[in-house]
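In what follows, a structure is listed as C-alpha cells, so that the remarks can point back to it.
What follows draws every value from the coordinates through simple rules; no lab data is involved. Everything quoted here is computed from the prediction, not taken from an experiment. Quick reminder, even Gly has a Cβ in these numbers, built from the backbone with ideal geometry, and neighbours come from all protein chains shown.
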Amino acid sequence: MNKQYWNFSAGPSKLPREVLQQAAEEMLDWHGSGQSVMEMSHRGPEFTQICDEAEADLRTLMDIPEDYAVMFMQGGATAENAILPMNLIARNVSHSADYVLTGIWSTKSYKEATRYGTVRIAAQSHQAREINGHEYAPWTWVPTFDEWKVNSDSSYLHFCSNETIGGVEIGALPNMDALGAGSVPLVVDASSHFLSRPLDIRKTGMVYAGAQKNAGPAGVTVVVLHRDLLGHALPYCPSAFDYVNVARERSRFNTPPTYAIYIAGLVFKWLLAKGGLAAIESENINKAKVLYSQLDSSDFYRNPIQPEYRSRMNVPFTLRDDGLNAAFLEGAQKEHLLNLKGHKSVGGMRASIYNAMPIEGVLALVDYLKEFERKHG
Ligand code: PMP
C-alpha cells in the first residue's frame, strides 16, 4: 500500500477526508437534483437549503444567538480588514478604533484600517521583552490584557487571536469592563484557529475568519456580527460589502461563493458529528502537546514562543543548524510530509496541524523529527 501523505500547509490546507469523499460522490449530481452544486442558481431551492443549513449548523456549533448575523462573504480576511472599518469605524463621532499588534497579521489589519479613520495601537509586542528571566524576540510574546490601553470612545478593539505566521495564540478574550471600555465591542480575526476550540461569541462584537485553514476551501470568509453594530457603513463602502445588505439577504445580496459555502457546510457537519468544538479542542490540545513535547525534548529543535501563547494550530520551529534546512525538507518530502517550510519572514519550519490533521499525521511528523535528529544531532 502507498504510504499516506500528510499536508502541513498553513492554508489553504488539509480538509477532512470524509468531506472530500462526500463532495466527490456528490460532484456530478447533488442529492438527485440533476446538477452539481457548482451549477446551481444561488437563489434556487437546492442552494437555499445548502446555505441555510450551513448557517444553522455554524450557529449550533458556535452557539450563536439570533441577535448575531452570520455572513458568508468574499475577499478573504485581507478584504475583511478593510470591509470591517468601512462598516464599523463610524460608530462613534471620532471615527476611531484601537488595535492590538502581536504579529504580521494584526499589523496588516491595523495598517489597512488607518485608511478609514483614526487608528490607535492599544498594545503591541513589536520589541523584545524579558519575561521570567528569558528574552523573547519581537512577535513571540503577548502583552497581558491589563496592559491593553483601550479608549472608551473607540468604535471597536481589534486583535488577531491566532497569528498564523508567528505561531502565537490568544485563547482567552479580554474582559472589556476591566479595561474600562465595557461598551467597546471586540473584533477578532480568528482565521487560523476558527472552530478549533469553543469561543464565547457573546463576549465579542464580531469574529471573522478566512475559511481556508480550518473551515473549508479558499473563497469564503465567515463573518459573525452583533446586529447592534449594523448600519454605520461609510458612504463609499461598496454595497456588496455593506453588512446591512449582506445580513439582510442572508449572504445572498449578490452571488456568493456557492461551492466554497457548500464545502464549509460539510465541514460544519463533520465537526458536529465529531461532537462539536469541545471535542475537537481536546484532540487539538493532545496533538499540540505531542508535537511541542518532541520539539522541547532537546535543543536540536526550537520553538521561540512564550509558552502560554504557543499556537495549537501553527507550530513554527527552527533547527539548531540552519544549514540542515534543505536536507530536513527533502527528507520530509520523501516521508510524504508536505509543506513544512516556514514562512519566509520567520525562516525555519512551520507545521500547521488544523482540525483535519489527525493524530496519526502528527505522530508521523514526530517520528521523522526523531529520526532526523538521530542522524544529524
Ligand atoms: N489573518 C490571518 C490570521 C491569516 O492567517 C491570513 C491568511 N494567512 C489572513 C488574515 C489573510 O487571509 P486571506 O489571504 O484570506 O486574505
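Would you mind telling me which numbered condition in (1) surrounded by 14 or more Cβ atoms within 10 Å (Cβ to Cβ); (2) away from the ligand (no atom under 16 Å from the Cβ); (3) farther than 30 Å from G276 by Cβ; (4) not acidic (D, E) W139 fails?
The failed condition is (2).
For the range 313-329, give me the residue count where each residue is among the aromatic types (F, W, Y) and assigned to a loop (DSSP other than H, G, I, E, B).
Within the range 313-329, residues that are among the aromatic types (F, W, Y) and assigned to a loop (DSSP other than H, G, I, E, B) number 0.
Where residues in the range 218-241 are crowded, with 20+ Cβ neighbours inside 10 Å and either part of a loop (DSSP other than H, G, I, E, B) or of a type in the set (V, I, T) (or both), which of them is nearest to the ligand (Cβ to nearest atom)?
Ranking the candidates gives T221 first.
Please enumerate the residues belonging to the range 172-200 that are within 15 Å of the chain's Cα centre (by Cα) and either in a strand (DSSP E or B) or touching a residue at least 40 places away in the same chain (Cβ under 8 Å) (or both).
V187, V188, D189, S191, S192, H193, L195, S196, R197, P198, L199 - these are the residues of the range 172-200 that are within 15 Å of the chain's Cα centre (by Cα) and either in a strand (DSSP E or B) or touching a residue at least 40 places away in the same chain (Cβ under 8 Å) (or both).
Report the residue count in the range 197-217 for those that are small (G, A, S) and away from the ligand (no atom under 12 Å from the Cβ).
1
Considering each of A215, A178, A172 in turn, give the residue that is of a type outside the set (D, E) and crowded, with 23+ Cβ neighbours inside 10 Å.
A215
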